[in-house]
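Enquirer: Below you'll find the structure I mean.
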Amino acid sequence: MSVKISSKNLNLHYGEKHALKDVNLDIVENKITAFIGPSGCGKSTFLKTLNRMNDYVNNVKIDGEITLDGENIYDPRVDTTVLRKKVGMVFQQPNPFPMSIYDNIAYGPRIHGIKNKKKLDEIVEKSLKAAALYDEVADRLHTSALGLSGGQQQRLCIARCLAVEPEIILLDEPTSALDPISTLKIEELLMELKDKYTIAIVTHNMQQASRIADYTAFFLVGEMVEYGETKDIFSMPKDKRTEDYITGRFG
């Protein structure tokens, strides 16, 4: 197994609040890693350290390191635009841009300098196919993305992420706003995508973690309590706190 991205002694403070405490975690290439835990336990905060989204938050102090393919992403010389091309993100609420389906997907490649229409057409088609959306929208690529259903919008956001050819996809509760059928489509999609991408997902839904994740990390009050193969975490947790959370005694 090869580690794609890794945190070492990672601490994060929001002002006085110690939000992440000494997190050490290896995320394995071409696998799905789920972060579970009660609300406010640090799992989304940790996810956002992996592509430096916390840079946008005031009063954040981060120490320790995160390495991507062995290089520290918090090195001052790192270009965050390049980093976020490598490490894409999909949020909890689908957030298509108020433009056409086509332009949503072409947006990232255009920013990164691709202007050739034929090349953009190819990227749009390939990305929508990879997100299992192309057949549903092929005849309306130039209509507003806001006309899509919630589940389609979320798959569009995944396609938009894929269009810039990332290596890692981060998803922050990507199905929490969706109905069960759309949720299932996204889960099936993620299991297909892990052949090409390394995936980390924050989920409140433990059944979801047990269905799709190869590895699971349990967070509690800013601490990463336990991490291992999903089947072991769910069937033989080593830490009493993990067991209590998984069996529904708290959370």
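Enquirer: Could you check the simple spin-label distance between Ser176 and Asn72, using points 7 Å along Cα→Cβ, in nm with one decimal?
Expert: 3.2 nm
Enquirer: Of the listed pairs Lys117/Lys194; Lys43/Lys86; Lys86/Lys238; Lys31/Lys119; Lys85/Lys115; Lys126/Lys231, which have alpha-carbon separations greater than 24 Å here?
Expert: Values: Lys117/Lys194 29 Å; Lys43/Lys86 21 Å; Lys86/Lys238 34 Å; Lys31/Lys119 29 Å; Lys85/Lys115 17 Å; Lys126/Lys231 33 Å.
Correct reply: Lys117/Lys194; Lys86/Lys238; Lys31/Lys119; Lys126/Lys231.
Enquirer: Hey, rough spin-label estimate for Lys61 and Ser144, points 7 angstrom out along Cα→Cβ, what's it come to in nanometres?
Expert: It is 4.6 nm.
Enquirer: Follow-up question, since we're still on this one. Name the shape class, rounded, prolate or oblate, that the alpha-carbon gyration tensor gives for region 73-128, where a ≥ b ≥ c are the square roots of its eigenvalues, rounded holds for a/c under 1.5, and otherwise prolate holds if a/b is larger than b/c and oblate otherwise. Walk me through the numbers on the way to the answer.
Expert: Values: a/c = 2.57, a/b = 1.43, b/c = 1.79.
Since a/c reaches 1.5 but b/c is at least a/b, the shape of region 73-128 is classed as oblate.
Enquirer: Taking 8 Å as the Cα distance limit and 6 or more residues as the minimum spacing, I'd like the relative contact order of the chain as a percentage.
Expert: Numbers: 465 pairs, mean separation 69.9, N = 251.
This gives 28 percent for the chain.
Enquirer: Let me know the charge dipole size of the chain about its Cα centre in debye, to the nearest 20, where only the beta-carbon of Lys, Arg (+1) and Asp, Glu (-1) is charged.
Expert: Values: 32 positive and 35 negative charges, 107 e Å.
Once rounded to the nearest 20, the dipole reads 520 debye.
Enquirer: List the chymotrypsin sites (Phe, Trp or Tyr not before Pro) within region 169-251 that fall in a DSSP loop (any state other than H, G, I, E or B) and whose Cβ has at most 14 other Cβ atoms within 10 Å.
Expert: Details: sites: Tyr197, Tyr215, Phe218, Phe219, Tyr227, Phe234, Tyr245, Phe250; in loops: Tyr197, Phe250.
For chymotrypsin sites (Phe, Trp or Tyr not before Pro) across region 169-251 that sit outside H, G, I, E and B with at most 14 neighbouring Cβ atoms in 10 Å, the list reads Phe250.
None of the figures in this text is laboratory data; all of them are computed from the coordinates on show. These figures come from a predicted structure and were not determined experimentally. FYI the Cβ positions are ideal-geometry reconstructions off the backbone, even for glycines, and counts take in every protein chain you see.
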